[in-house]
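Working notes, beginning with the structure itself.
Any read-out appearing in this document is the output of simple, stated calculations on the displayed coordinates, not a laboratory observation. Computed from a predicted model, the values in this text were never measured in an experiment. Every residue, glycine among them, receives a Cβ derived from its backbone with ideal geometry; neighbour counts consider all protein chains shown.
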Amino acid sequence: MLSFQTINVEMPAIDQKMIVAWVQAVAASYGRVAGDINYVFVDDEEILRVNRQFLGHDYYTDIITFDNGTAAPGTSHTLCGDLFISLDTVRTNAEGLGATYEQELHRVIIHGVLHLCGLNDKGPGEREQMEAAENRALALLS
């Protein structure tokens, strides 16, 4: 079950039923099932606090994904996690990329799910693979 919460921000204007169906479809495309995925929309100060407290990072980011699943990577399992999304950074990134706020928010929403599916974006070539996966997932919204 997907849930949507906020800390220090108003709930973004998203079609939650559509997001649930979309996340389920993307998870299924990786042989996974969307389980308890908790989206927490926050401001920049809260994402910085979470980043410092849990990851030891002292910088702002658009999303932090905590994978609460227990299955081995690459195996079929239920996706469970907490996804913290800074709406402030999403807005700033959208402006910098020439994208709409809604487009960038959708990209970040699915980015966290792709992390839960086992994709990474820090190593050599991983960023390109993540972007390609994001683009495939975003195409499902059209």
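Within region 114-132, is even one residue in a strand (DSSP E or B), closer than 26 Å to Met1 by Cα, of a type in the set (Asp, Glu) and out of contact with any Cys (no Cβ under 6 Å at 6 or more places or on another chain)?
Checked against the condition, which is being in a strand (DSSP E or B), closer than 26 Å to Met1 by Cα, of a type in the set (Asp, Glu) and out of contact with any Cys (no Cβ under 6 Å at 6 or more places or on another chain), region 114-132 yields no hits at all.
Listed residues Thr61, Thr78; which is closer than 16 Å to Gly118 by Cα, out of contact with any Pro (no Cβ under 9 Å at 6 or more places or on another chain) and surrounded by 12 or more Cβ atoms within 10 Å (Cβ to Cβ)?
That would be Thr78, the only listed residue that is closer than 16 Å to Gly118 by Cα, out of contact with any Pro (no Cβ under 9 Å at 6 or more places or on another chain) and surrounded by 12 or more Cβ atoms within 10 Å (Cβ to Cβ).
State which residue is nearest to the chain's Cα centre (by Cα) when the search covers only region 1-48 and only residues that are hydroxyl-bearing (Ser, Thr, Tyr) and farther than 15 Å from Val108 by Cα.
Here the residue is Ser3.
Somewhere in region 24-41, is a residue of a type in the set (D, E, K, R), free of Cβ contacts under 8 Å to residues at least 12 places away in the same chain and at negative phi?
Going through region 24-41, the residues of a type in the set (D, E, K, R) turn out to be 32, 36.
Add one more test, that the residue is free of Cβ contacts under 8 Å to residues at least 12 places away in the same chain, and what stays is none.
No.
So, Val90, is that one of a type in the set (Val, Ile, Thr) and in contact with a strand residue (DSSP E or B) (Cβ under 8 Å, 6 or more places away or on another chain) or not?
No.
Working carefully through the options Ala99, Ala137, find the one that is under 15 Å from the mean Cα position of the chain (by Cα) and either assigned to a helix (DSSP H, G or I) or more than 17 Å from Arg32 (Cα to Cα) (or both).
Ala137
Within the set of pairs 6+ apart or on separate chains, which have a first residue in region 118-130 that is within 19 Å of Gly69 (Cβ to Cβ), a second that is surrounded by 12 or more Cβ atoms within 10 Å (Cβ to Cβ) and of a type in the set (Lys, Arg), and C-beta atoms under 7 Å apart?
Between residues of region 118-130 that are within 19 Å of Gly69 (Cβ to Cβ) and residues that are surrounded by 12 or more Cβ atoms within 10 Å (Cβ to Cβ) and of a type in the set (Lys, Arg), the close pairs are Asp121/Arg127.
Somewhere in region 28-48, is a residue closer than 23 Å to Ala139 by Cα and either in a helix (DSSP H, G or I) or touching a Lys or Arg at 6+ places or on another chain (Cβ under 8 Å) (or both)?
yes
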